Amino acid sequence: MTTRYLLLAAFAASLSACSSNKAKADSAQATEAATPTEPTYATTQVARHTSRQELRLPGELLPHFEVALYAKVTGFVKSISADVGDRVRKGQVLARMEAPEMAADLSRAQAEVQAARGKLKISQLTYKRLRQTARTAGAVAPQELDLAHANVQADSIALLGKYQLATGSRQMASYLTLTAPFDGIVTERLLSPGALVGPAEKDAQPIIKLKEVDLLRLQVVVPEAYAGQLHENAPITFTVNAFPGQQFAGKINRVSHNVERAVRGEMVEIEVKNPGLKLAPGMYASVELPVHRDEKSLFVPKTALVVSMEDSYVVAVRAGKTHRVPVQAGAVAGNEIEVTGADLQPTDQVIAKASDDIADGLAVHTTAAKPEASVAVQ
């Protein structure tokens, strides 16, 4: 009997020990689950060096010349002989207008010229006859001869005035014909025959828009730090989205020598020959300019730069916590990008592949990022 009680007591003690161990294990698991795990990110140190870079900047292709052609006088469009996409030559007729009152003015002016010419002819004949008659002494009074001479002079002046008026009317009538001021392509036709047109005023509309596209202008704003390295006639290359992978060439034609306050950059104009009309005005271009910096600059991997709607920044890790450091992006050099920022230090470790999901002030673990090919240090 005693033995039976001893066995029961031992079994109860065993059950109690198992329950205690299970409770401790559950408690440890709960504690472990409640403690958050700090994320781990690969970091790299901010690089500081000088380099020979291909500065890549956005630009826009513009026509060498462009013009909106308006009617010079009020009238109606009679005909249009060029349309969108047509290549035209300088002096080619593009449109004709009609203005009945202008035609009447020209006819009247021409008639007045003929009348004045006839009157002058009569006065000249009269003066000539009187001079011949005056050879006979006493046949013609001197006053009569002087009057005839004065009539010739007056009629000559009158004819000149009528001729000038007719020339003005003829010039105004020539404005009814619209011609191309240079070789180019019609890019827009905005009116049709029958439309009422007039000089370029507040509510006037052009008839045709013309652009010269055999020669283009590529405009690009170069950051102030690189402005001094650009010179006229320097060759450049660029690409456009319409022809991926294909490079086009040009040369610097004009440098503004003025830093615009809004963008802190200098406007540079590049001349681009376009004989095959492959390129078109309005295309955006990615321009490559070979530049270098004498002073050392800060570079980070391109993947370390986070660009948001509000700003751009890199994520530095200081004392085990993340810090969003505002920066401005500069030149791209290989896998790196130049950055400037008042709070960025050359000793900073930045997250190599950052994103806006990484919060500011987040405790993190770090590992060294694998090095990638970058710009060559000079």
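The values are calculated or read from the model by the stated rules, or taken from the named source; none is laboratory data. Every value quoted in this text rests on a predicted model; they were computed, and no experiment measured them. When we count neighbours, we look across all protein chains shown, and the Cβ atoms used for this are built from the backbone with ideal geometry, even at glycine.
So T136 ticks every box in (1) in a helix (DSSP H, G or I); (2) loosely packed, with under 15 Cβ neighbours inside 10 Å but one. Which box is left unticked?
(1)
Among (1) in contact (Cβ under 8 Å) with a residue 24 or more places away in the chain; (2) surrounded by 12 or more Cβ atoms within 10 Å (Cβ to Cβ); (3) outside any helix (DSSP H, G or I), where does L277 come up short?
With (1) in contact (Cβ under 8 Å) with a residue 24 or more places away in the chain; (2) surrounded by 12 or more Cβ atoms within 10 Å (Cβ to Cβ); (3) outside any helix (DSSP H, G or I) applied to L277, the lone miss is (2).
Counting only residues that are assigned to a loop (DSSP other than H, G, I, E, B) and crowded, with 18+ Cβ neighbours inside 10 Å, which one in region 349-378 is modelled with the lowest pLDDT?
Step by step, filter region 349-378, then rank; the result is V375.
From the list A227, A166, which residue is buried (at least 16 other Cβ atoms within 10 Å of the Cβ), part of a helix (DSSP H, G or I) and touching a Gly at 6+ places or on another chain (Cβ under 8 Å)?
Just one listed residue meets the conditions, A227.
Please pick out the residue among G194, G198 that is within 41 Å of the chain's Cα centre (by Cα) and exposed (fewer than 12 other Cβ atoms within 10 Å of the Cβ).
None of the others qualify; the one that does is G194.
Can you name every residue in region 230-252 that is surrounded by fewer than 19 Cβ atoms within 10 Å (Cβ to Cβ) and among the small types (G, A, S)?
Scanning region 230-252 gives A234, A242, G245, A249.
Touching a Pro at 6+ places or on another chain (Cβ under 7 Å), buried (at least 16 other Cβ atoms within 10 Å of the Cβ) and within 30 Å of F238 (Cα to Cα): does that describe V67?
Yes, satisfied.
Quick check, is E212 surrounded by 17 or more Cβ atoms within 10 Å (Cβ to Cβ), among the acidic types (D, E) and within 51 Å of the chain's Cα centre (by Cα)?
Against the criterion (surrounded by 17 or more Cβ atoms within 10 Å (Cβ to Cβ), among the acidic types (D, E) and within 51 Å of the chain's Cα centre (by Cα)), E212 qualifies.
Given R264, R254, R318, which one is in contact with an Asp or Glu (Cβ under 7 Å, 6 or more places away or on another chain) and closer than 30 Å to I358 by Cβ?
Selected residue: R264, the only one of R264, R254, R318 that is in contact with an Asp or Glu (Cβ under 7 Å, 6 or more places away or on another chain) and closer than 30 Å to I358 by Cβ.
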